[in-house]
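Undergrad: For reference, the structure I am asking about is given below.
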Amino acid sequence: MTALIARIADGVSAIPAEQWDACAGGDNPFVGHAFLSALEESRSVGGRSGWQAIPVIVDGADGTPAAVAPAYAKSHSQGEYVFDHGWADAWERAGGSYYPKLQIAAPFTPVPGPRLLLRDSSAAPALIAALEEVTDQHKLSSAHATFVAPGQVHLFEAAGWLIRHGTQFHWKNDGYATFDDFLGRLSSRKRKAIRKERSGAVEGLTIRHLTGAEIGAREWDAFWAFYQDTGSRKWGQPYLTRDFFPLLGEKLGERVLMILAERDGRPVAGALNLIGGDVLYGRYWGCTEDVPFLHFELCYYQAIDAAIARGLGTVEAGAQGEHKLARGYAPVATFSAHYIPDAGFRRAVSDFLVRERAAVAADAEFLGQMTPFRRG
């Protein structure tokens, strides 16, 4: 390529959607202009959120972005799902300042995907170099690309970034035509347990799948109540604002799938999903009525139903959760990449990652033997 120019923009919203999406592609909605700009416009990021949007752009010879990265200056480590609090504590005890740091991520979203958004694949090294330069020039402690798509890990590794491994649980569609086809692959005991869970969870309830214009103000009001309830129990204060949800529906339309449980016409629980190129992404859940197994029904089983109906290959139901194993979700590896300029701090983190990686691999092997599928 001829001369490349790197720059920082004042938010994703400052970049024309068609230019951003020419780099992001259309398969993963969480790195698309619609999702990221909705976070900004709803003030879920920016302000005093601790997430300052500073997307890094490498322009091509034609003056338009050849590569972009969804980057944020972070003043804390909340909403990331790859935990580095121990690193922060160690660096602070050594007399350094861990914050601010640079985060390359889809905020509040533990979904693997591209973190180098490339219209021109040859611009990847320049984009990584630009991320390093932003870190160095602004005297940030480090840069972290979290939930990196497996196909991009080698790009960071080649640039000398440290690679961290993790585990999630995803459901794979092995050509199933119905949910019963999927159940047929499970052991008899697990099959009966799931059927019992499902029948008990939906007793007296109506389950509705809504997309696009089917999701109105009433449904968004209900879902906001669900989200607040989950947020207050899990992390104290919800990350996303009230305005984010209808704005997301407006921007993404038919790619938003809301699964509602209603009792006598009144919503009592809901799960919000985004539809990708070949993946159904389960994102947010909540309830105002405690019903045994309803969480599993809406977030896991109904998501499987929706994926089969749409011919999607995978359901990604969020971070953590070994309880997903019994419900047909299998362990898969996740990756993050870390740039640490200080040589001593880098050595300490590198040593930690070697030990952690061995433990993660052993745990994944053990978990892989606990799936409910029939053997042989």
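Undergrad: For the chain, which whole-number percentage of the solvent-accessible area (1.4 Å probe, protein heavy atoms only) is attributable to carbon and sulfur atoms?
TA: That share works out to 51 percent.
Undergrad: Also, quick follow-up: Give the cross-link partners of residue 74 among the aspartates and glutamates, using a straight C-alpha distance below 13 Å as the criterion and excluding same-chain residues fewer than 8 apart.
TA: Once the sequence-local aspartates and glutamates are set aside, what remains near residue 74 is 84.
Undergrad: Right, another one. Counting C-alpha atoms alone, how compact is segment 1-152: give Rg to one decimal and Dmax as a whole number, in angstrom.
TA: 14.9, 47
Undergrad: With the other protein chains left in place, how much accessible area per residue, in square angstrom, belongs to segment 258-376 at a 1.4 angstrom probe?
TA: That works out to 41 Å² per residue.
Undergrad: For segment 120-203, with every protein chain kept in place, what is the accessible area per residue (1.4 Å probe, Å²)?
TA: 46 Å²
Undergrad: So, one more: I need the shape label for segment 157-234. Rule: rounded when a/c is under 1.5, else prolate if a/b > b/c, else oblate, with a, b, c from the alpha carbon gyration tensor.
TA: It is oblate, given that a/c is not under 1.5 and a/b is not larger than b/c.
Undergrad: Give a residue-ordered list of calculated ³J(HN,Hα) values for segment 48-60 (Karplus: 6.51 cos²θ - 1.76 cosθ + 1.60, θ = phi - 60°; whole Hz; x for Gly, Pro).
TA: Per residue, the Karplus-derived 3J(HN,Hα) values read 9, 6, x, 10, 9, 6, 9, x, 9, 10, 10, 8, x Hz.
Undergrad: Next up: Modelling each spin label as a point 7 Å along the Cα-to-Cβ direction, I'd like the residue 177/residue 278 distance in nm, to one decimal.
TA: Going by the 7 Å Cα→Cβ label model, 2.2 nm.
Undergrad: In addition: Cα gyration tensor of segment 154-304, axes a ≥ b ≥ c as square roots of the eigenvalues: rounded (a/c below 1.5), prolate (a/b > b/c) or oblate?
TA: Because a/c hits 1.5 or more and a/b fails to exceed b/c, segment 154-304 counts as oblate.
Undergrad: Related question: Based solely on its DSSP helices, what 222 nm [θ] is calculated for the chain when runs of n ≥ 4 H residues each add -39,500 (n - 2.57) and the sum is averaged over all residues, nearest 500 deg cm²/dmol?
TA: The helix contribution divided over the chain gives -10500 deg cm²/dmol.
Undergrad: Using alpha carbons only, how many angstrom separate the centre of segment 234-273 from the centre of segment 1-76?
TA: If you average the Cα positions of each part, the centres end up 24 Å apart.
Undergrad: Please give the contour-minus-distance gain from residue 203 to residue 289: 0.36 nm per residue of separation, less the Cα-Cα distance, rounded to one decimal in nm.
TA: 29.6 nm
Undergrad: Expressed in nm to one decimal, what extension gain is obtained for the pair residue 14 and residue 93 from 0.36 nm per residue of sequence separation less their Cα-Cα distance?
TA: 24.6 nm
Undergrad: Mind checking the full-extension length gain between residue 154 and residue 369? Use 0.36 nm per residue of separation minus the Cα-Cα distance, one decimal, nm.
TA: Net length gain for the segment: 74.6 nm.
Undergrad: Same structure, new question: Once you've got the Cα coordinates, tell me which of 139/324; 101/251; 101/172 are over 32 Å apart.
TA: In this structure, 139/324; 101/172 lie more than 32 Å apart at Cα.
Undergrad: Over the Cα atoms, compute the radius of gyration (one decimal) and Dmax (the largest Cα-Cα distance, rounded to a whole number) for segment 1-40, in Å.
TA: When restricted to the Cα atoms of segment 1-40, Rg and Dmax are 11.3, 34 Å.
Undergrad: Applying a 10 Å radius around every beta-carbon, put 91-100, 19-28 in order of their mean neighbour count, most first.
TA: Highest-to-lowest ranking by the protection proxy: 19-28, 91-100.
The values are calculated or read from the model by the stated rules, or taken from the named source; none is laboratory data. None of the values given here were measured: they were computed from a predicted structure. Neighbour counts run over all protein chains shown; Cβ positions are idealised from the backbone, glycine included. Accessible surface areas use protein heavy atoms only, side chains included; no ligands, DNA or RNA. Shrake-Rupley method; radii C 1.70, N 1.55, O 1.52, S 1.80 Å.
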